[in-house]
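One structure below.
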Amino acid sequence: HSSAVIDKIIGFAGSNEIKDDFEDPFTVLRDLTSSYPAKFKGKFEVFLGFLISAIKEKNTFNWNKSNLDSNTTTFNPLVGLNVYDIIGIETKISAKLSNVKDILVNLVQEDETANFSEIIKIIRNLDSKKPEDVDIKIYLISVIRSSIKSNISLVQILPDTYNWLLDMDALPVRMEALKLLA
């Protein structure tokens, strides 16, 4: 029965059906993955998808926010909102990103070997010349940094860490790699 409930909560999180009436589904999932990470085995890719979706949502919001004063012909959903509404939207997006990152950290800590290799494969295939890929790299490196339990895990990703330190196309990636080594 628990897997059916978990699938239903993940479905709510993916469809954004629950708004302000109840607790955010990502907060519930974060709490569940910290208490029962084994119940979420096999759901790692789903949460990676949520991370990518939340980063795209953040980038879209930032673009809309930066273009509030310009006269563009594209639709900007932030036009007409007051400052507090805009800050509220920004806070919700930040909370969503933070919760999804925490969920991934909880799942990586449960099975470091398999999930580290999955994250490393994704990072290797991202292009640092694209700003959206840089954001994804930063969050995934941050997930690795937050979930490392032993020096053995760090040694396994050391060659990739060296590549991140030398990433000439993205200073934020280099900074996140330095945080990982610190």
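Given the structure, is Val105 at pLDDT 85 or above and in contact with a Ser or Thr (Cβ under 6 Å, 6 or more places away or on another chain)? Write out each step before concluding.
Numbers: at pLDDT 85 or above: yes; in contact with a Ser or Thr (Cβ under 6 Å, 6 or more places away or on another chain): yes.
Taking the combined requirement at face value, the residue satisfies it.
Select from the stretch 38-49 the residues that are open to solvent by 30 Å² or more (accessible area, probe 1.4 Å) and in a helix (DSSP H, G or I) and write down the one among them that is nearest to Ala4 (Cα to Cα). Please lay out each step first, then the result.
Going through the stretch 38-49, the residues open to solvent by 30 Å² or more (accessible area, probe 1.4 Å) turn out to be 38-39, 41-43, 45-46, 49.
Those still in the list that are in a helix (DSSP H, G or I) too: 38-39, 45-46, 49.
Values: Ala38: 15, Lys39: 11, Glu45: 18, Val46: 15, Gly49: 20 Å.
Here the residue is Lys39.
Scanning the stretch 91-117 for residues that are more than 13 Å from the chain's Cα centre (by Cα) and not aliphatic (A, V, I, L, M) gives Thr91, Lys92, Gln109, Glu110, Asp111, Glu112, Thr113, Asn115, Phe116, Ser117.
The numbered conditions (1) of a type in the set (A, V, I, L, M, F, W, C); (2) within 16 Å of Phe116 (Cβ to Cβ); (3) at pLDDT 80 or above; (4) open to solvent by less than 50 Å² (accessible area, probe 1.4 Å) are all true for Ala170 except (2). Just checking, does the stretch 19-35 include any residue being open to solvent by less than 30 Å² (accessible area, probe 1.4 Å), in contact (Cβ under 8 Å) with a residue 12 or more places away in the chain and either of a type in the set (Phe, Trp, Tyr) or part of a loop (DSSP other than H, G, I, E, B) (or both)? The answer is yes, given that some residue of the stretch 19-35 is open to solvent by less than 30 Å² (accessible area, probe 1.4 Å), in contact (Cβ under 8 Å) with a residue 12 or more places away in the chain and either of a type in the set (Phe, Trp, Tyr) or part of a loop (DSSP other than H, G, I, E, B) (or both). Name the single residue that is farthest from the chain's Cα centre (by Cα) among those in the stretch 50-90 being aliphatic (A, V, I, L, M) and part of a helix (DSSP H, G or I). Only one residue tops the list, namely Val83.
Please verify whether the stretch 54-69 includes one or more residues that are closer than 23 Å to Ser153 by Cα and open to solvent by less than 60 Å² (accessible area, probe 1.4 Å). Steps first, answer last, please.
From the stretch 54-69, those closer than 23 Å to Ser153 by Cα are none; that's our starting set.
The answer is no, given that none of the residues of the stretch 54-69 is closer than 23 Å to Ser153 by Cα and open to solvent by less than 60 Å² (accessible area, probe 1.4 Å).
Of all residues in the stretch 132-157, which are among the hydrophobic types (A, V, I, L, M, F, W, C), out of contact with any Phe, Trp or Tyr (no Cβ under 8 Å at 6 or more places or on another chain) and at pLDDT 80 or above? Hits for the stretch 132-157 are Val134, Ile136, Ile138, Leu140, Val143, Ile148.
Within the stretch 28-60, restricting attention to residues that are of a type in the set (Lys, Arg) and modelled with pLDDT of 90 or more, the residue that is nearest to Ile89 (Cα to Cα) is Lys58.
Put simply, of Ser147, Ser128 the only residue that is open to solvent by less than 50 Å² (accessible area, probe 1.4 Å), of a type in the set (S, T, N, Q) and more than 28 Å from Thr27 (Cα to Cα) is Ser128.
The values are calculated or read from the model by the stated rules, or taken from the named source; none is laboratory data. None of the values given here were measured: they were computed from a predicted structure. When we count neighbours, we look across all protein chains shown, and the Cβ atoms used for this are built from the backbone with ideal geometry, even at glycine. All accessible areas refer to the heavy atoms of the entire protein, side chains included, with ligands and DNA or RNA removed. Shrake-Rupley method; radii C 1.70, N 1.55, O 1.52, S 1.80 Å.
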